[in-house]
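Let me begin by presenting the structure, written as structure tokens, before commenting on it.
The values are calculated or read from the model by the stated rules, or taken from the named source; none is laboratory data. Just so it is clear, the model here is predicted, and its values are computed rather than measured. FYI the Cβ positions are ideal-geometry reconstructions off the backbone, even for glycines, and counts take in every protein chain you see. Just so you know, the surface numbers come from the protein's heavy atoms only, side chains and all, with ligands and any DNA or RNA stripped out. Shrake-Rupley method; radii C 1.70, N 1.55, O 1.52, S 1.80 Å.
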Amino acid sequence: MMSLKKNVSRATTMSALASAVMISVLGSSAIGSTESERAYAAQLRNQTLEEGGWAPDELRRDNSSMRISVLMQTRYVASIQEKTASSAQSQTTIGFLIPRAQVSIEGNIVSSRLSYKLTMDFGDAELGRGRGTLSSVTAPGGQGVPSLLDAYAQYNFEGKREGYYLKVGQFKHIMHTEEAIEAQYQLAVDRSLTNEFFNLGYTQGVALGRVQRDIAWQVSVNDGGRFFGSQDVGNSLVTNGFEADVSVDVRFDWKLSGSWEQFADFTSFQGSQSGLKLGFGVSWLHQGATGPGGYSSPLFGPPVDQAEVASWTFDGQWEGDGWSVFAAVMGNSIDWQFDTGVGFAISNYGFVVQGGYFGTEKTEYFARFEGIFLDSQIANGFGISQNEPAMILTVGLNYFVVPESHAAKFTFDASYSFGETSGFLAGVTGSDTLPDPNVTTATPIRIITARARTKSFVPIRIPP
């Protein structure tokens, strides 16, 4: 199966229909000559600014716009689990799934200063879907029931990309770069297990930020996020015990060279300019002091009365002519107070290092090495021998159907865990350790996993 990305600029009904026909033709036959591929790729490279509705240094001339985009991922998974201390027998699991089937509507209202985005996902790779009745997301997994991801309005004070902006609604925490970069722009089939453990997911709140030539920052006050022993708070009610009383996030990025656009993905195509970006993020939240108070978790016996969580990350992206490198270190400290009056505090740490290299203009090879160091109290509770860290190596390749474009690509990767990671399945019915291990980084017990993915991102611009 293969899908393609196609852009329709200020399309009429007839041109939109023609584009749909063209997508079907391209999806079922060979792409044309190299020259036409490169012309198409050039169009797609410029799409970032066109879709955003502005150029970096000029105001829009029209009043309103609406764009519809679709992301489809089809995946084949083969998971081989060896016998371990916590697994009495080996197990092999294979099959197809659709982890993401997202429809997004975005655009501008009245002027370029006011924009919006609404995203629904019919897959199970976000918000801890399919994890059981204790999940904060009530819709069951594996049934194609949509869930709300993005739902926000943003006001850009200067009407262009650079400058101050104010965002209100439901959006993803941008503290962790790997999570902030969209799924279709990752190197591997999916994000790292380390990211799945530490990222904060979606939240509701308000964010103030600024983009300058070489510096960007954002400060957000929101309802908190997911963490070890907690659950997702995306699209949850204020009466949800997992929401924070108050949560504050800060993200800062420093671009030493290159352009902001090239850091929107982890791929650097042949002929790309050099770019280097460094950044850090911190988050603090407190929950349980206001109604409805604490919560119960399958990981603990007594209910949690209050919790305080501090998270942090440092990362960098370095890209050049056909190669890219990304590295990040992160951690969190969690302090629980139970209704029995007993306190319990832990600290966890992790890292990710990955890189990609183009052997040809269509083939990108990549490798990723990651690790999670659980607090010894948690590791001992899971029965992990000698507090063995979870170290995972992933290698693979991307084949781009259209050169220099993420419109359609096939991805294959294989992962191997050097130690037992069965502890991450704890609380599987409540999404307490990982939000979605069954549909993202796979079930982690000494895994050797092969996965394939195709995807499309089809923007349709509807004129006002």
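Data for the structure
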quantity	calculated
Accessible area of Thr340 in the full protein assembly, 1.4 Å probe (Å², nearest 10)	90
Under Karplus coefficients 6.51, -1.76 and 1.60, residue-wise ³J(HN,Hα) of region 215-227 in Hz, glycine/proline x	9, 9, 8, 8, 10, 10, 10, 8, 8, x, x, 7, 7
Exposure rank, largest accessible area first [Asp339, Asp121; 1.4 Å]	Asp339, Asp121
Estimated FRET transfer efficiency (Val168, Ile94; beta-carbon r; R0 56 Å; 0.05)	0.80
Residue-normalised accessible area of region 176-264, given per residue in Å² at a 1.4 Å probe	30
Region 203-347 - percent relative contact order, Cα under 8 Å, separation 6 or more	19
Inter-label distance, nm, simple model (7 Å from Cα along the C-beta direction), Ser259/Val206	3.4
Listed residues Gly331, Gln354, Pro403: farthest to the positive end of the dipole of region 328-412 (Cβ charges)	Pro403
Point-to-point label distance, Val353-Val103, nm (Cα→Cβ direction, 7 Å offset)	4.4
Listed pairs Lys117/Lys277; Lys277/Lys409; Lys160/Lys255 exceeding 24 Å between Cα atoms	Lys117/Lys277; Lys277/Lys409
